[in-house]
Amino acid sequence: MFGYALIIFIIGTFFGSFFNVVIYRLPIKKSIVYGSSSCTSCNTPIKPYDLIPVLSYLGLRGKCRHCGASISIRYPLIELLTGITYLLLYLQFDLTTSFFIGLPLVSLLIIIAMIDFDTMEIMDRFHIMILILALITIYFSDLSIYSHIAGFFIISVPLFIVALITGGLGGGDIKLIAVAGLLLGLSSTLVAFMIASITGGLIALYLLIFKKESRKAAIAFGPYLCIGIYVAYLYGPEIISWYVSLFM
């Protein structure tokens with residue numbers, strides 16, 4: 001088990017390195033397939049031995065080998081995050097269908113979260129990809145089809161009504177919780193939204209208290225939805241069971 005876990009973690013960090021490319025290039029409409037990685041300061045192509053996840057960053061002490069410009073700490077953190085999220089999927093589901101569905105799901109969630117954080121936008125292509133994963137999940141699911149359908153509507157419809165009234169919520173967030181709800185089912189969708197609301201609320205409160213943002217400043221909600229969706233996918237039934245046990 002340890003051997004598989006280590007391999008999955010390492011594979012995750014390499015995928016995280018690729019996700020860094022996707023997160024940077026997609027918003028500026030640059031190909032994620034063609035063109036080698038280069039320093040964002042001097043545009044010097046990065047050698048393959050400087051693209052080893054995490055280790056290259058540490059070896060270079062966070063600086064470009066050619067010009068000495070600082071490399072954002074975000075790059076190795078996303079690599080580590082991807083490795084850890086892949087590892088947790090394996091520890092929770094082993095090499096089951098849930099694990100193999102979870103891999104593309106968490107990959108999409110990481111990309112969505114970071115692009116939304118940078119641009120306040122969630123691209124429709126990601127909603128379509130999660131929708132496809134949801135349809136695959138339904139085929140293998142132990143939940144009833146009605147639970148999955150309810151998951152699609154239970155949060156997205158109230159959010160849509162709130163958005164119509166206030167205009168304070170993006171359509172990308174609504175579509176994200178809709179397609180993710182179809183994948184998760186009713187109970188886990190509620191868990192996902194609860195976690196997103198708590199984490200988003202705490203961060204917003206922190207920013208407000210320390211005057212990093214004004215009360216009217218827009219804050220991307222997508223990253224918190226992604227956190228909630230991932231945690232609910234991993235531990236949704238366990239969280240529901242724990243919550244119910246508090247009242248029994």
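Looking at (1) surrounded by 14 or more Cβ atoms within 10 Å (Cβ to Cβ); (2) over 30 Å from residue 236 (Cβ atoms), which is the only condition residue 44 fails?
Going through (1) surrounded by 14 or more Cβ atoms within 10 Å (Cβ to Cβ); (2) over 30 Å from residue 236 (Cβ atoms) one by one, residue 44 breaks only (1).
Take residue 30 and tell me if it is charged (D, E, K, R), farther than 24 Å from residue 123 by Cα and without any contact (Cβ under 8 Å) to a residue 24 or more places away in the chain.
no
Filter the stretch 75-99 down to residues that are among the polar types (S, T, N, Q) and in contact with a Gly (Cβ under 9 Å, 6 or more places away or on another chain), then give me how many there are.
Total satisfying the criteria: 3.
Would you point out the residue of the stretch 156-170, among those that are under 13 Å from residue 225 (Cβ atoms) and assigned to a helix (DSSP H, G or I), that is modelled with the lowest pLDDT?
159
Which members of the stretch 216-248 meet the condition of being outside any helix (DSSP H, G or I) and either in contact with a His (Cβ under 7 Å, 6 or more places away or on another chain) or β-branched (Val, Ile, Thr) (or both)?
Hit for the stretch 216-248 is 219, nothing else.
Going through 41, 36 one at a time, which residue ends up being touching a strand residue (DSSP E or B) at 6+ places or on another chain (Cβ under 6 Å) and outside any helix (DSSP H, G or I)?
On inspection, the qualifying residue turns out to be 36.
Does the stretch 48-58 contain at least one residue that is within 24 Å of residue 115 (Cβ to Cβ), in a helix (DSSP H, G or I) and either of a type outside the set (Val, Ile, Thr) or without any contact (Cβ under 8 Å) to a residue 24 or more places away in the chain (or both)?
yes
From the list 153, 117, pick out the single residue that is outside the structural domain of residue 15 (by TED's automatic domain parsing), at pLDDT 95 or above and of a type in the set (Phe, Trp, Tyr).
153
Looking for whichever is assigned by TED's automatic domain parsing to the domain that holds residue 114 and either charged (D, E, K, R) or surrounded by fewer than 20 Cβ atoms within 10 Å (Cβ to Cβ) (or both) here; the options are 131, 184, 190. Which one fits?
131
When residues of the stretch 68-86 are filtered for being surrounded by fewer than 19 Cβ atoms within 10 Å (Cβ to Cβ) and closer than 27 Å to residue 141 by Cα, how many remain?
Residues flagged as surrounded by fewer than 19 Cβ atoms within 10 Å (Cβ to Cβ) and closer than 27 Å to residue 141 by Cα within the stretch 68-86 amount to 1.
Based on this model, can you work out whether residue 128 counts as under 14 Å from residue 192 (Cβ atoms) and of a type outside the set (S, T, N, Q)?
So residue 128 does not fit the description; no.
From 75, 139, which residue is of a type outside the set (A, V, I, L, M, F, W, C) and in the same structural domain as residue 185 (by TED's automatic domain parsing)?
On inspection, the qualifying residue turns out to be 139.
When only residues in the stretch 111-154 that are of a type outside the set (A, V, I, L, M, F, W, C) and outside any helix (DSSP H, G or I) count, which is farthest from residue 85 (Cα to Cα)?
144
When the stretch 14-69 is examined, which residues are found to be on the phi > 0 side of the Ramachandran plot, modelled with pLDDT under 85 and of a type in the set (D, E, K, R)?
Residue satisfying the conditions is 61 alone.
Would you call residue 108 among the aliphatic types (A, V, I, L, M), outside any loop (DSSP other than H, G, I, E, B) and in contact with a helix residue (DSSP H, G or I) (Cβ under 6 Å, 6 or more places away or on another chain)?
Taking the combined requirement at face value, the residue satisfies it.
The values are calculated or read from the model by the stated rules, or taken from the named source; none is laboratory data. On a predicted model such as this, the values are computed, not experimentally measured, just so you know. Here Cβ is always computed from backbone atoms with ideal geometry, including for glycine, and neighbour counts include all displayed protein chains.
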